[in-house]
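Visitor: Have a look at the structure that comes next, please.
Taken together, the values in this text are just the output of simple stated rules run on the coordinates, not laboratory data. Small disclaimer: the values here were computed from a predicted structure and weren't measured. Here the Cβ positions follow ideal geometry from the backbone for every residue, glycine too, while neighbour counts run over all protein chains shown.
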Amino acid sequence: MTAPDTAASSCSETGNTVLSVRGLSVELARGKQRIPIVQDVSYDLRAGEILGIVGESGAGKSMSGNAITGLLKPPLHCSAGEVRLDGMRIDSLNAREMQRIRGKRIAMIFQDPLTSLNPVFTIGAQLVETIERHTDRHGKAAWAQAQSLLEQVGIPAAADRLKQYPHEFSGGMRQRVVIALALAGEPDVLFADEPTTALDVSIQAQIIALFKTLCREKGLAAALVTHDMGVIAQATDRVAVMYAGRIVETGPTADVLKAPRHPYTSALMRSIPEVGHRQARLPQLSGTMPRPGSLPTGCAFAPRCDFATAACAREIPQMAGTAGHPAACLHPLDQKATT
């Protein structure tokens, strides 16, 4: 396994808490039935910090981000918890009030840039519209800012590229444009939802490097959603591991990757191929993540866990352990190492 990139932890000196999430839960309404999708998610984002949110598909990573940014649509809804931006509660805002915040204070980067960019408008027109909506720049000043944003994200000949359409850019360049679009409103918080999944490895590395640089220079509080532990190792300061709608482990990235406390985190780590080490087959985690509405009693991971006991089938574990590195497990791996 490759060692965590120590540059990730030196992205910047983290500052005050910008975004605070406490007890966030999301439900799907199906007739009279209420199906839990995300349960009791809590974390903070600090200025200049990148928090990685990792887990398999269906873990609730993107859904929790959509809830925080006010992008849930019926029959999905927030059923519990609160979200505060610089101390102001935003989860109770109506749609119009949230529109004033989304894009200006909180911005999103989505997985597929083609779905984020309008194919019938030039890149310049889309950037300028966002700049004029969320800042006091208009006209020539907005166009100058649009050019500056493209230059900041590493797009050459920015003045000419502003006149082009999304289909005239490569996949990596489109992702850079989407990052520029997210920065156009000068946000405090940035959610990046699988921003490198569709890119090849070399372009992926460039986007990660850009993301870290922007964090350091602009003091953004950023959340990076991914299923890739390699991306987590390269890009983040802290990590929250999600399984079946819950956070099951969290802590500084280097600590979690070096000594995971939850068996699920350990299984994710074992799935990363080691550089220079040939294996006939990578270790495989048996079974699949339970579907919402079909969660087992007790610990949701117990049916797939090699260390599960009868107690695990009865009791839902709560986050416990050291304050900086807790895990939701009745039999955390660090206890096994000492017994």
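Visitor: Excluding same-chain residues fewer than 8 positions from LYS140, which aspartates and glutamates have a Cα within less than 20 Å of its Cα?
Guide: List returned: GLU129, GLU132, GLU151, ASP160, GLU186.
Visitor: Please state, to two decimals, what the Cα-based radius of gyration of region 92-213 comes to when divided by 2.2 N^0.38 Å (N = residues).
Guide: Compactness ratio reported: 1.02.
Visitor: Give the Rg (one decimal place) followed by the Dmax (whole number) of the chain, computed from C-alpha coordinates and expressed in Å.
Guide: 20.6, 68
Visitor: Once every DSSP H run of n ≥ 4 in the chain is given -39500 (n - 2.57) and the sum is divided by its residues, what mean residue ellipticity at 222 nm do you get, rounded to the nearest 500 deg cm²/dmol?
Guide: After summing the helix terms and dividing by residue count, I get -9000 deg cm²/dmol.
Visitor: Something else now. Which one of GLY219, SER64, ALA311 is farthest out on the positive end of the charge dipole of the chain, using unit charges on Cβ (Lys, Arg +1; Asp, Glu -1) and the Cα centre as origin?
Guide: Working it through, the farthest residue towards the positive pole turns out to be ALA311.
Visitor: Determine, at each q value in 0.13, 0.22, 0.31 (inverse angstroms), the log₁₀ of I(q)/I(0) that the Debye formula gives when each Cα of region 87-141 is one equal point scatterer.
Guide: Here the Debye-derived log intensity ratios amount to -0.44, -1.00, -1.21.
Visitor: Sticking with this structure for a sec: Tell me, what is the percent relative contact order of region 115-186, built from C-alpha pairs under 8 Å that lie six or more residues apart?
Guide: For region 115-186, the relative contact order is 45 percent.
Visitor: Mind checking Rg over Rh on region 115-186, alpha carbons, Kirkwood formula for Rh?
Guide: 0.92
Visitor: Quick one: dipole size for region 115-186, taken about the Cα centre, charges +1 on Lys/Arg Cβ and -1 on Asp/Glu Cβ, in debye to the nearest 20.
Guide: 100 debye
Visitor: Given a cut-off of 22 Å, name the pairs among LYS163/LYS218; LYS218/LYS258; LYS32/LYS73 whose C-alpha atoms lie farther apart than that in the structure shown.
Guide: LYS163/LYS218; LYS218/LYS258
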